[in-house]
Amino acid sequence: MSDIRQWLTDLGLERYGDIFEREELTPANLPELSDDDLKALGLPLGPRKTILKAINALRTGDTIAPSHSSDSDIPKRLTEKNLASKSALEGERRQLTVLFCDIVGSTELANRVDPEILEKILRAYEDACAACITRYEGYVFRRMGDGIVAFFGYPLAHEGEAERAIHAGLEIIAALSKLDVPDVGHLAVRIGIASGLVVVSSAEKGDEGEPLNLASRLQAIAQPGSIVVSEWVSRLARGSFDYEDMGEQALKGYAQPTRAYRIVGVSKATSRFEAATQERLTPLVGREQELGLLLDRWALAQDGEGQVVLLSGEPGIGKSRILIALRDRLDAQGVRALRFQCSPYYMNSPFWPSIDNFERALKFSRDEAPESKLDKLEALIVTHYGRPLTDVRFIASMLSIPCEERYGAHTMTPQKHKDETLRSLVDLAEAAARKQPSIMLYEDVHWADPTSLEALDLLIDRVRSFPLLIVLTHRIEFQSRWGVHGHVTGLNLSKLMRGQSSTMISKLSGSKALPAELVEEILTKSDGVPLFVEELTKSILESNQLKEAADRYEYVGTAHSITVPATLRDSLMARLDRYMPVKEIAQIGAAIGREFSYELVAAGSAPMCVC
């Protein structure tokens, strides 16, 4: 078997081996292949995405060998360049979320249909699953008969891998419910999702480890058309979804019962921060000056000169938390908050934050009739805000609500229709601000789609003439184009001082003192980032390492060093993966300490000879 055919077989795409060999493609050509090349070869979307993900993995030099490994089918890198690397031999620990999807009644299906028809059915099923998985940056790792295994967190990590896996699972179920197979009907699947630590290496092989085994067992207890997740996954995804606690489940191969949760649906949380903090909101510490500036800009806006504040900072610095504090202050004054949340999943979906805002405000149900939706839109736009009926058409089109029967076919060019939609959105924002004191909170603009950025361009240019405060949050890498306006203020959130971090730790512990050396370790490792302070403190309080003693906590046994909480691993690994040239240095430095010499890190990163 040729190298290229073996590589495709490892990906579960051996059926395309003839095409690759006919075009005389070799492993050396793989890094240069593009999506257009694969499309020209006649490959459908799902397999193209799978191949491109695998090619990206080749570029990074990684394959997976999970913890406690002994044997696996995971392919090695086709080149031997990285085998000279010490890190390639030793591997690295990663948090991995595994999705296991299996067709319900596959044996019965195989007995009912002709083998050729069965192959077409399975191919359509695989392509539908692959499209949903790759949409959320997952990696189709293996096809096992009618089962599909996908990894989230490899080859590149992203924030919220557990959340991505659940979203992908929900879309798989929805996509297959629309896939009508002749003589069979709709396909139903069971999905299990689990998370855990594995070791990533390009030089070792091993079994798939705990996450895949657990995902497989959870899939087995799921009802058709449902998703069952582990307790770890439910904690990582937190308030982004609604869950049904299935209690302790006896799973094959597990000595102790395992708690499992069924996904009921996506939660109604308005923002990512709200989804992550549904249980308890951490007290705001050390942001009085920044909050004061926002209130000053609000006062200016109420005098009729609209204001814009660009609130920036690194992930976890507290941008969303200060918006909650601002909203709480203004709620008492009867101020309405217009909330828009950008999403990393919809960066290429025009008007996504506005669509999400309208659908939540009008409480559209999934099966609601178009006429009912149009009635709600007219009541809001025409009756409530006093805008012309002609504007409803543009907002309805943006929301993909059929409206030609009510308003007639439109004859505008696509560009003119887009311009009118942008104009309608800005007019509505002005109408809302003039009807009732309002503040617009536009979160995570670094994930905004290009069309939404155009809407913000128009709004920010016009807002100086009406009483509205707009607060946009973004990460430091986002290049704002609005800073040249005189009514726009930039506000960069800095890290907390040590005293402020100590106050935050005290509030989280209920004012009970923690061991001094433990507080020092939290302060050092969190480095003034509020999210890190919170998660490190909570992780130690929720562990069995401490016990309460009157007004303080004491160690149960000997002191232990704090490990990185599971809730932070995806975010931290995502940052490392995006700085590949310095990733190895960062990993070596993490083992040495916060300060190290050039000579020491150079010795630690020297290539190891492979004999």
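Quick check: residue separation of Q6 and E405 times 0.36 nm, minus the Cα distance between them. What number comes out in nm?
Length difference between fully extended and current span is 138.1 nm.
Just need the relative contact order of segment 281-492 here, percent rounded to a whole number, with Cα pairs under 8 Å and 6+ apart.
Dividing the mean separation by the residue count of segment 281-492 yields 40 percent.
Mean projection of the alpha-carbon convex hull of segment 445-531 over all orientations, in nm²?
Value for segment 445-531: 8.2 nm².
How big is the gap, in Å, between the Cα center of segment 477-533 and the Cα center of segment 237-267?
Each part's Cα centre sits 33 Å from the other's.
Under 19 Å from a point 7 Å along the Cα-to-Cβ line of L458: which residues of segment 344-365 have their amide N that close?
Zone members listed by number: 349-359.
Testing the spin-label approximation: label points 7 Å from Cα along Cα→Cβ at I476 and A250. State their distance in nm.
About 5.5 nm separates the two model spin labels.
Full-extension gain between V264 and A361, please, as 0.36 nm times their residue separation minus the C-alpha to C-alpha distance.
32.8 nm
Say the cut-off is 31 Å between C-alpha atoms; which of K319/K376; K319/K435; K268/K435; K319/K373 go over it?
K319/K376; K319/K373
Between E108 and T413, what is 0.36 nm times their sequence separation minus the Cα-Cα distance? Round to one decimal in nm.
Value of the extension gain: 104.6 nm.
Is the shape of segment 498-568 rounded, prolate or oblate, going by the alpha carbon gyration tensor and its root eigenvalues a ≥ b ≥ c, with a/c under 1.5 for rounded and a/b larger than b/c for prolate?
Oblate shape, in that a/c is at least 1.5 and b/c is the bigger or equal ratio.
Using per-residue counts of other Cβ atoms within 10 Å, averaged over each peptide, order 400-406, 169-175 from highest down.
So the peptides 400-406, 169-175, ranked by packing, come out 169-175, 400-406.
May I have the extent of the alpha carbons of the chain along their three principal axes, as whole Å values ordered from largest to smallest?
Ordered largest first, the chain gives principal extents of 74, 69, 48 Å.
Kindly state, to the nearest 0.05, the FRET efficiency for H384 paired with S494, given R0 = 60 Å and r defined as their beta-carbon distance.
Calculated transfer efficiency: 0.90.
Please sort 135-146, 290-301 by packing, taking for each peptide the average over its residues of neighbouring beta carbons within 10 angstrom, highest first.
135-146, 290-301
With a cut-off of 8 Å between alpha carbons and a minimum separation of six or more residues, what is the relative contact order of the chain in percent?
Contact order relative to length: 14 percent.
Given R₀ = 60 Å, what would the calculated FRET efficiency be for I117 paired with Q289, taking r from the Cβ atoms and rounding to 0.05?
Here the calculated transfer efficiency is 0.30.
Spin-label point model (7 Å from Cα, Cβ direction): what's the E371 to A550 distance in nm?
Each label point is offset 7 Å from its Cα along the Cβ direction, giving 7.4 nm.
May I ask you to order 345-356, 526-537 by the average number of other C-beta atoms within 10 Å around their residues, highest value first?
526-537, 345-356
Throughout, read-outs are computed from the coordinates displayed, never taken from laboratory work. All of these numbers come straight from a predicted model, not from anything done at the bench. All Cβ positions, glycine included, derive from the backbone under ideal geometry; neighbour counts span all protein chains shown.
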